[in-house]
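> One structure, as structure tokens, below. Some questions next.
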Amino acid sequence: MRFVSTRGAAAPASLSAAIAAGLAPDGGLYVPEALPRVAPPPRDGHLATTAARMLAPFFEGDALAPDLDAICAEAFAAPAPRRALPVEGAHLLELFHGPTAAFKDFGARFLAACLVRLRRHADRPLTILVATSGDTGAAVGAAFHGLPGIRVAILYPDRRVSPRQAHQLGSFGDNVRALRVEGSFDDCQRLVKGALADPALQADVPLSSANSISLGRLLPQMAYFGHAALQAGEPMHTLVPTGNLGNAMACLWARAIGLPIGEVVFACNANETLPAFFAGQPYRARGAVHTVANAMDVGAPSNVERLFHLFGGEDAARANGRAYGVDDAQIRDTIRRHAASDGDVFCPHTATAIHVFERLRLDGDRRAWTIAATAHPAKFDSVVEPLIGRTVEVPPSLAAMLARPAVAEPLEADSQAFSTWLRRW
């Protein structure tokens, strides 16, 4: 299989080349030249087995193909259970049982497993760049920490992630360094994209990306949606908390290749870019708005290019999707009510999707829905605990990270300053 750029001005690439590059040379995002159709794997298989079956056509003919089973075993060691909620017709897909208590552990570990194999004989280290609004950076740091021949630079917006998220990001050391950027997530993403598109910098410092712009992050995220849909026993209508649009795109791709997934609805916070677009406005990137669901504080979602490519343009994409905005007051109310009524404690991002589910019910939608639970609520103790009136138990892996010292270096939101930093590393 070959992979092409969403912007159409780059030569087709192999899977290995697309994963290694992160971003296409024309600044676009890699997508399959044509999405394959996949026979649904057995319902009773392990998540790693489902992943390998779903991804096999994408790896066909590539140098990584013989390692696919091993890569999936490494990436999908944590479970992703789908459980019923007290409300009839509602299920929660728990994606936060990995090392950093967020769904991004799956994709980050998959990408790490691929790149380690691709870099076996490299004579210079590869520097992975990752812009994060909270969870991505920690997942990537944990996945790549200590791996030979690879360094990681994590860029996050200073004072715009939760305290525990910030501690995680700076807790690795060694080959993983954290940079706290004076600006928004969109500023961090702009610095990363600019560095990846700078041929002179790439000549001095080999670079790749671990954001959801990376094909190696997005492909594996299809697996847990496909696996859950097989358990559902009917087309699984899915609510996905959405910021940079990577997780939602993975769900759409899983549906496109033949997994039994029904409607996919995007649950957004107060950032209006996607809700406004699906409500009928022309697509327009906006400045990011800071919210309590900070991992979704994105005003210019990169994966919108993949969304338009999948459906063949803006009008077709709008006709095939829905997005709802949820403000901070509604997020807080959802967390408070559910903790009091049924004991379920949700992170702010999951609560965003829970609120959208409740809105659909009020509008008369009686279908069953599966809600992607993207992070453990303990990562957002400063938001959640005052609302529920008690402490949230911290998962052991997260507790171990919080017990380590953390260091993050300041960086201005300037491309030249970032290029200078990379050359000095």
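> Could you look at the chain and say what percent of its accessible area is carbon and sulfur, using a 1.4 Å probe and all protein chains?
Values: 7940 of 15240 Å².
Heavy-atom surface of the chain belonging to carbon and sulfur, 1.4 Å probe: 52 percent.
> Please state the Cα pair-distance histogram of the stretch 332-425 with 5 angstrom bins from zero: what percent is in each bin?
2, 11, 16, 15, 12, 10, 11, 8, 7, 5, 2, 0
> Relative contact order for the chain: what is it in percent, counting Cα pairs under 8 Å that are at least 6 residues apart?
19 percent
> Could you work out Rg/(2.2 N^0.38 Å) for the stretch 112-153, with Rg from alpha carbons only? Please list the in-between numbers first.
Details: Rg = 10.5 Å, N = 42, 2.2 N^0.38 = 9.1 Å.
The stretch 112-153 yields a ratio of 1.16.
> Moving to a separate point now. Per residue, how much accessible area does the stretch 1-100 have with a 1.4 Å probe, in Å²?
Working: 4310 Å² over 100 residues.
Computed with neighbouring chains in place, this is 43 Å² per residue.
> Oh, and also: At 222 nm, what helix-only mean residue ellipticity would the chain give, in deg cm²/dmol to the nearest 500, using -39500 (n - 2.57) for each DSSP H run of four or more? Could you put the intermediate results ahead of the total?
Values: 18 runs with 180 residues, N = 425.
Result for the chain: -12500 deg cm²/dmol, rounded to the nearest 500.
> Given bins 20 angstrom wide, list per bin the percent of all Cα-Cα distances in the chain, short to long.
Calculated P(r), rounded to whole percents: 28, 62, 9, 0.
> Order of 49-56, 171-178 by packing, highest average Cβ count within 10 Å first? All intermediate terms of the calculation are to be shown ahead of the outcome.
Working: 49-56: 22.6, 171-178: 20.6.
Highest mean packing first, the order is 49-56, 171-178.
> Pull out the extension gain between A329 and D363, defined as 0.36 nm times the separation in residues minus the alpha carbon to alpha carbon distance; nm, one decimal.
Working: separation 34, 0.36 × 34 = 12.24 nm, distance 2.02 nm.
Additional length available on full extension: 10.2 nm.
> In debye, nearest 20, what is the charge dipole magnitude of the chain about its Cα centre with +1 on Lys and Arg Cβ and -1 on Asp and Glu Cβ, if you could check? Working shown, then result.
Values: 40 positive and 41 negative charges, 63 e Å.
That gives a dipole near 300 debye.
> Solvent-accessible area per residue for the stretch 114-159 at a 1.4 Å probe radius, Å²?
Values: 1540 Å² over 46 residues.
Value returned for the stretch 114-159: 33 Å² of accessible area per residue.
> If you don't mind, there's one more thing I want to ask. How many percent of the alpha carbon pairs in the stretch 246-366 exceed a separation of 20 Å?
On the way: 3332 of 7260 pairs.
Distances greater than 20 Å cover 46 percent of the Cα pairs.
> Report the Rg/Rh value for the stretch 118-254, based on alpha-carbon coordinates and the Kirkwood definition of Rh. Numbers along the way, then the final one.
Details: Rg = 16.4 Å, Rh = 16.2 Å.
Radius of gyration over Kirkwood radius for the stretch 118-254 works out to 1.01.
> I've got another one for you. About its Cα centre, what dipole magnitude does the stretch 64-182 give when the only charges are +1 on Lys and Arg Cβ and -1 on Asp and Glu Cβ, stated in debye to the nearest 20?
Numbers: 14 positive and 11 negative charges, 59 e Å.
Charge dipole of the stretch 64-182: 280 debye, to the nearest 20.
> I'd like the FRET efficiency for A279 and H121, computed as 1/(1 + (r/R0)^6) with the beta carbon distance as r and R0 of 41 Å, rounded to 0.05.
Values: r = 51 Å, r/R0 = 1.25.
Approximately 0.20, to the nearest 0.05.
> Quick one: which residues, 5+ away or cross-chain, put their amide H under 5 Å from the amide H of I371? H built at 1.01 Å from N.
H91, L92, L93, L239
> In what sequence, highest mean first, do 211-219, 147-155 appear when ranked by Cβ atoms within 10 angstrom? Intermediate values should be presented prior to the final figure.
On the way: 211-219: 26.8, 147-155: 21.4.
Order by mean packing, descending: 211-219, 147-155.
> Could you work out the pair-distance distribution P(r) of the stretch 278-319 from its alpha-carbon pairs, with 10 angstrom bin width and percents rounded to whole numbers?
Pairs per bin, as whole percents: 27, 47, 25, 1.
> Treating only the Cβ atoms of Lys and Arg (+1) and Asp and Glu (-1) as charged, compute the dipole magnitude of the stretch 316-425 about its Cα centre; round to the nearest 20 debye. It would help to have the intermediate numbers written out before the result.
Numbers: 14 positive and 14 negative charges, 70 e Å.
Roughly 340 debye, rounded to the nearest 20.
> Putting +1 on Lys and Arg Cβ atoms and -1 on Asp and Glu Cβ atoms, find which of M236, A353, G299 reaches farthest to the positive end of the dipole of the chain.
M236
> To continue, here is another question. Cα atoms only, the stretch 232-307: Rg and Dmax in Å?
Here Rg and the maximum Cα pair distance are 13.0, 41 Å.
The values are calculated or read from the model by the stated rules, or taken from the named source; none is laboratory data. None of the values given here were measured: they were computed from a predicted structure. Using ideal geometry, Cβ is built from the backbone for each residue, glycine included, and neighbour counts are taken over all protein chains shown. Remember, those area values only see protein heavy atoms, side chains included, never the ligands or the DNA or RNA. Shrake-Rupley method; radii C 1.70, N 1.55, O 1.52, S 1.80 Å.
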